[in-house]
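First the structure, in the form of structure tokens, and then the observations on it.
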Amino acid sequence: IHKMDKKSPLIQMFTRLILRKADFVIAVGQRLYQEILDHYQVEPKKLLLLSMGVNRNIFRKIAEKEIMKSKLKINKNIPVILFVGNITRDKGLVELIKAFSLVKRQLPEAVLHLIGAAKNKPFLEELTSVIKENLLEGVTFHEPKSQHEIAEWMNAADVFVLPSYIEGFGLVA
């Protein structure tokens, strides 16, 4: 809605018509809900807010960074950079590895943890080659983890990075 109906008055008219004629409309955020209600005049009884947001009971400050690092067996004095997402090209991981090699020049003790599913084995091999070519130490791949575990890692991290070219919802950020 935010992009499509802005392209032309005709598309905006069709968007309004489709939303009004729909049996039910789901908005994935409060701002969008309000826009659909106000701008498109969709009946409130046909409109539902279903937030695609973050569970704040899980993703919150759990403990001090040093405590979380200790729990995850990470030296509390080492800078931790964290990526969470699928291990795929469109996540910008080749660029992240190259950028991390620059970080290592300034902070040789820094570590990079990549948490996610390797969806493409040849790409994972390519990433491993980039790491070896740059003689990088301190890059660790982790299998996907539960939300509770990811929350712990986020609490332990000094920096979170998401260098994606595109994100559907970008919920991890």
### Task
Kindly list the number of the only condition in (1) at pLDDT below 95; (2) surrounded by fewer than 19 Cβ atoms within 10 Å (Cβ to Cβ); (3) in a loop (DSSP other than H, G, I, E, B) that fails for P144.
(1)
#### Entry: Subset of the stretch 35-65 [surrounded by 13 or more Cβ atoms within 10 Å (Cβ to Cβ), out of contact with any Pro (no Cβ under 7 Å at 6 or more places or on another chain) and part of a helix (DSSP H, G or I)]
E35, I36, K46, K65
### Query
Condition test on E133, is it modelled with pLDDT under 95, among the charged types (D, E, K, R) and either over 30 Å from N55 (Cα atoms) or in contact with a strand residue (DSSP E or B) (Cβ under 9 Å, 6 or more places away or on another chain) (or both)?
yes
## Note on the structure
If we keep only residues of the stretch 17-32 that are assigned to a helix (DSSP H, G or I) and at pLDDT below 90, then the residue nearest to I1 (Cα to Cα) is L32
### Summary
Within the stretch 100-125, the count of residues that are assigned to a helix (DSSP H, G or I), surrounded by 15 or more Cβ atoms within 10 Å (Cβ to Cβ) and not basic (K, R) comes to 5
### Message
Looking at the structure I just gave you, is I131 open to solvent by less than 40 Å² (accessible area, probe 1.4 Å), touching a residue at least 24 places away in the same chain (Cβ under 8 Å) and either outside any helix (DSSP H, G or I) or in contact with a helix residue (DSSP H, G or I) (Cβ under 7 Å, 6 or more places away or on another chain) (or both)?
### Response
yes
### Residues of the stretch 155-173 that turn out to be crowded, with 19+ Cβ neighbours inside 10 Å and at pLDDT 95 or above, as a count
4
### Task
Using the structure shown, decide if L48 is out of contact with any Gly (no Cβ under 8 Å at 6 or more places or on another chain) and under 22 Å from M154 (Cβ atoms).
no
### Query
From V94, V161, V111, which residue is within 26 Å of K69 (Cβ to Cβ), touching a residue at least 12 places away in the same chain (Cβ under 8 Å), of a type outside the set (G, A, S) and touching a helix residue (DSSP H, G or I) at 6+ places or on another chain (Cβ under 7 Å)?
V161
### Task
From D23, D5, grab the single residue that is of a type in the set (D, E) and open to solvent by 80 Å² or more (accessible area, probe 1.4 Å).
D23
### Top-ranked residue in the stretch 90-113 [being touching a Ser or Thr at 6+ places or on another chain (Cβ under 8 Å) and of a type in the set (A, V, I, L, M); ranked as farthest from V161 (Cα to Cα)]
V111
### Message
Anything in the stretch 66-89 that is touching a residue at least 40 places away in the same chain (Cβ under 8 Å) and open to solvent by 70 Å² or more (accessible area, probe 1.4 Å)? List them, or say none.
### Response
K71
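The values are calculated or read from the model by the stated rules, or taken from the named source; none is laboratory data. Treat the numbers as computed from the prediction; the structure is a model and nothing was measured. Here the Cβ is made from the backbone with ideal geometry for all residues, glycine too, and neighbour counts use every protein chain on show. Each accessible area value is taken on the protein alone, full model and side chains, heavy atoms only, with ligands, DNA and RNA left out. Shrake-Rupley method; radii C 1.70, N 1.55, O 1.52, S 1.80 Å.
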